[in-house]
Amino acid sequence: METDFRLESSLWVGNKRYRALLTGWHFQWTEVDKKNRDKKTISVPVSEVVGVDEGQVEILPQKSTEDTDKDFTVFYVKRSSSGGLHGLLWRLGRIQFSCPSRVLRDQWTQHLRTALKTHSPVRPHRLLVFINPFGGKKKGRQIYHSLVAPLFELAGISSHVIVTERANHARDHLLKKDLTGFDGVVCVGGDGMFSEILHGLIGRTQQEAGLCENDPSVTLQPCPLHIGIIPAGSTDCVCYATVGVIDPVTSALHIIIGDSQPLDVCSVHHTAALVRYSVSLLGYGFYGDVLAESEKHRWMGPLRYDYAGTMVYLSNRSYAGIVQYLPADPLLSSPRDKTRCLSGCSVCSKSTGRLFPHPSDSGSLYSSHFSQFSNDSEEGEWVSVEGRFRCVSLTCMSSSCPKSPLGLSPSAHLADGTGDLILVWDTHPLGFLKFLYRHTSTQDQFDLPFVEVHRVKAVRFSLPAGKEEEAFEETGGLDEEERRHVETISRNGSQQQLTERSMGQEIANEQKSATPFLCGLCCSKAPAASVWNCDGEILPFTNIISRIHGQLVRLYARGIEDGATMHSCSEENCERA
Ligand SMILES: CCCCCCCCCCCCC/C=C/[C@@H](O)[C@H](CO)NC(=O)CCCCCCCCCCCCCCC
Ligand SMILES: Nc1ncnc2c1ncn2[C@@H]1O[C@H](COP(=O)(O)OP(=O)(O)OP(=O)(O)O)[C@@H](O)[C@H]1O
Ligand SMILES: [Ca+2]
């Protein structure tokens, strides 16, 4: 393989001579001075070459090209620092070489294209793109058309663009319409848009596989289509936690080169029905109350979370609950091992083999998961704790975001088949503030006497006996209706109906009236129950069962690149160098 693509020759960039070399997995060019001494080398992995074109090529603004038939242009990924604690920004690098002859030029372009095909087999050719025109600062369309579409065009990707006309438009399209010929689905928007794509693709995949999403013990089928996220929302947590920066061009380049990042997904069930899927935060107590409060102040934009956070903090709530969890294997990793899941993470790579032991045998591929949820002794025993909690949070990944650059659980893994359960027991207000504040720095938020963190495969939450009735009274007896609804679903066994109901706007509205009334410090009686925040949506149920499905979806991403340790960034292919 190495020698198949080897090509070496002198090439010119302007009036400077370069020695260019295409060998195996890399394309590199070294400036050579008049005495034939090597100067700076730039080396680009073939997998990061975006495209090759004959002649002189400009992208935006389109200039008239002064084509010479001995030139070719190479587009590639160029890194620069994001300037923060987090990942690296990617930009489109461009270099135009002149060859001594047209024959040599053709040799270079052909070899580079063959190398690209061989080393980048998973690059998308056709994408389905959903743009939420109202996400974030309402710039989704502009971001896509000015920054992303020209790059897709340059890379020869054809895209079918749908500007959504209502909430759940993208999800419904993915559940019902023909998806033949698409390699991936791209959402232009925030976490809410990503969640729509997630639900649409997981639902569609299970429908086609004839699997029932309602039963938490069923091993779900991984989705064949990749998901790309072009961040254009007010909260872009999934993008930040999987790419390391919130930047449309960086994300577009990850899509173009076909990066593939598996992602764990948590399914949330109530009695015998699926409620929703979550990847970043399933949170009860503080985070539930913050979301409920913030919904009343949407007009404030992203600031509403800070306002709601402060109000909820001041209301000084804690909630009674019973939390049961199924611990993951402690020998594999720990939420307190101080490691970080970065690009090429070995814990995640090893998990792939464990989660899918025989990739060639589809029978055992999925059945391998099944026992993880049962109470069989090999998989460990459920642990049960009961008490009053400030918050109960479950996250399948670190959930790093600009507010908390290392995230809710800094050592969590994107694709290890586990989630981290964070239990914050009731404590005095200053203690809880300390816990929250530590999310903004590198200080360990778990190193506090009232905080526990567990790496888990599944979690159950229920209100203590007696509290349940009290909570229902406060929420206007909604659960009776919910119970009827779930019974209907169980009888009909209709997945579509369930999805409609669990994600529908009506239920969100019902819940708004059912959410605990926040009356700040003047509260005479605190509510007995909080609500669940599931990736930014309020759940209509309090008692839930959730289970982590390892590597259920794949994103066009590669995890966070650590600028400090990246060879290619610090030395060569980097604007900082
Ligand atoms: C003292 C400073 C404390 C700062 C604490 C920052 C912790 C931030 C942790 C954020 C974790 C986000 C996880 C991702 C969730 C997304 O799937 C979801 C959808 O986009 N976002 C939210 O639900 C949105 C959830 C937003 C939660 C924001 C919480 C803000 C708390 C502010 C507390 C101020 C206390 C001030 C006391 C005087
Ligand atoms: N055309 C549309 N009209 C109204 N709502 C839409 C439309 N398209 C998508 N949505 C919904 O808008 C919600 C928020 O979208 P998105 O996540 O893209 O933006 P956001 O600004 O980050 O949102 P939020 O502030 O709620 O986090 C999504 O849940 C999605 O279902
Ligand atoms: Ca995980």
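Need pairs with beta-carbon distance below 8 Å; first residue without any contact (Cβ under 8 Å) to a residue 24 or more places away in the chain and open to solvent by 10 Å² or more (accessible area, probe 1.4 Å) and within region 407-428, second among the hydrophobic types (A, V, I, L, M, F, W, C) and within 16 Å of ligand 1 (Cβ to nearest atom); sequence gap 6+ or separate chains.
That search, which allows pairs on different chains as well, returns nothing.
May I ask you to list the residues in region 105-128 that are open to solvent by 30 Å² or more (accessible area, probe 1.4 Å) and more than 16 Å from residue 157 (Cα to Cα)? Spell out the reasoning first.
Within region 105-128, the first condition is being open to solvent by 30 Å² or more (accessible area, probe 1.4 Å), and the residues that meet it are 106-107, 110-111, 113-114, 117-118, 121-123, 125-126.
Result: 106, 107, 110, 111, 114, 118.
Can you name the condition, by its number, that residue 227 falls short on among (1) closer than 15 Å to residue 401 by Cβ; (2) open to solvent by less than 30 Å² (accessible area, probe 1.4 Å); (3) in contact with a Cys (Cβ under 9 Å, 6 or more places away or on another chain)?
(1)
Give region 193-235 a look and list any residue that's outside any helix (DSSP H, G or I) and within 16 Å of ligand 2 (Cβ to nearest atom), or say none.
Taking region 193-235 and keeping what is outside any helix (DSSP H, G or I), we get 210-235.
Listed by number, the residues that qualify are 227, 228, 229, 230, 231, 232, 233, 234, 235.
Take the conditions under 30 Å from residue 295 (Cβ atoms) and outside any loop (DSSP other than H, G, I, E, B) and apply them to residue 151. Does it pass?
Details: under 30 Å from residue 295 (Cβ atoms): no; outside any loop (DSSP other than H, G, I, E, B): yes.
For residue 151, the condition - under 30 Å from residue 295 (Cβ atoms) and outside any loop (DSSP other than H, G, I, E, B) - is not met.
Just to verify a result, which residue in region 390-406, among those that are closer than 30 Å to residue 528 by Cβ and of a type in the set (Gly, Ala, Ser), is farthest from ligand 2 (Cβ to nearest atom)?
Among residues in region 390-406 that are closer than 30 Å to residue 528 by Cβ and of a type in the set (Gly, Ala, Ser), the one farthest from ligand 2 (Cβ to nearest atom) is 393.
Condition check ((1) hydroxyl-bearing (Ser, Thr, Tyr); (2) within 16 Å of ligand 1 (Cβ to nearest atom); (3) in contact with a Leu (Cβ under 6 Å, 6 or more places away or on another chain); (4) open to solvent by less than 10 Å² (accessible area, probe 1.4 Å)) across all residues:
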| position | (1), (2), (3), (4) |
| --- | --- |
| 240 | yes, yes, no, no |
| 273 | no, no, yes, yes |
| 285 | no, yes, no, yes |
| 294 | yes, yes, no, yes |
| 322 | no, no, no, no |
| 327 | no, no, no, no |
| 338 | no, no, no, no |
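In the set 314, 342, 326, which member is more than 25 Å from residue 426 (Cα to Cα), of a type in the set (A, V, I, L, M, F, W, C) and out of contact with any Cys (no Cβ under 9 Å at 6 or more places or on another chain)?
Numbers: 314 fails: more than 25 Å from residue 426 (Cα to Cα); 326 fails: more than 25 Å from residue 426 (Cα to Cα).
It is 342.
Determine which member of the set 306, 264 is in a strand (DSSP E or B) and closer than 23 Å to residue 231 by Cβ. Give the derivation first.
Values: 306 fails: in a strand (DSSP E or B).
Of the residues listed, the single one that is in a strand (DSSP E or B) and closer than 23 Å to residue 231 by Cβ is 264.
Considering region 79-137 alone, what residues qualify as being under 30 Å from residue 439 (Cα atoms), outside any strand (DSSP E or B) and assigned by TED's automatic domain parsing to the domain that holds residue 20?
82, 83, 84, 85, 86, 87
Only one of (1) at pLDDT 95 or above; (2) buried (at least 18 other Cβ atoms within 10 Å of the Cβ); (3) more than 16 Å from ligand 2 (Cβ to nearest atom) is not met by residue 158, so which one is it?
(2)
Taking residue 219 and the conditions (1) in the same structural domain as residue 435 (by TED's automatic domain parsing); (2) open to solvent by less than 10 Å² (accessible area, probe 1.4 Å); (3) over 18 Å from the mean Cα position of the chain (by Cα), which numbered condition does it fall short on, given that it satisfies the others?
Of the numbered conditions (1) in the same structural domain as residue 435 (by TED's automatic domain parsing); (2) open to solvent by less than 10 Å² (accessible area, probe 1.4 Å); (3) over 18 Å from the mean Cα position of the chain (by Cα), the odd one out for residue 219 is (2).
Could you pull out the residue among 267, 217, 280, 260 that is of a type outside the set (A, V, I, L, M, F, W, C) and at pLDDT below 95?
On the way: 267 fails: at pLDDT below 95; 280 fails: at pLDDT below 95; 260 fails: at pLDDT below 95.
Going through 267, 217, 280, 260 in turn, the sole match is 217.
Quick one: residue 174 ticks every box in (1) surrounded by fewer than 18 Cβ atoms within 10 Å (Cβ to Cβ); (2) over 22 Å from residue 92 (Cα atoms) bar one, so which box is it?
Here residue 174 clears every test but (1).
From 307, 287, 319, grab the single residue that is within 15 Å of ligand 2 (Cβ to nearest atom), of a type outside the set (A, V, I, L, M) and in contact (Cβ under 8 Å) with a residue 24 or more places away in the chain.
On the way: 307 fails: in contact (Cβ under 8 Å) with a residue 24 or more places away in the chain; 319 fails: within 15 Å of ligand 2 (Cβ to nearest atom).
Going through 307, 287, 319 in turn, the sole match is 287.
Can you confirm whether residue 319 is within 16 Å of ligand 3 (Cβ to nearest atom) and of a type in the set (Ser, Thr, Tyr)? Spell out how you get there, then give the answer.
Details: within 16 Å of ligand 3 (Cβ to nearest atom): no; of a type in the set (Ser, Thr, Tyr): yes.
When the stated conditions are applied, residue 319 does not pass them.
The values are calculated or read from the model by the stated rules, or taken from the named source; none is laboratory data. Source: prediction; values computed, not measured. When we count neighbours, we look across all protein chains shown, and the Cβ atoms used for this are built from the backbone with ideal geometry, even at glycine. These accessible areas exclude ligands, DNA and RNA; they are computed on the full protein's heavy atoms, side chains included. Shrake-Rupley method; radii C 1.70, N 1.55, O 1.52, S 1.80 Å.
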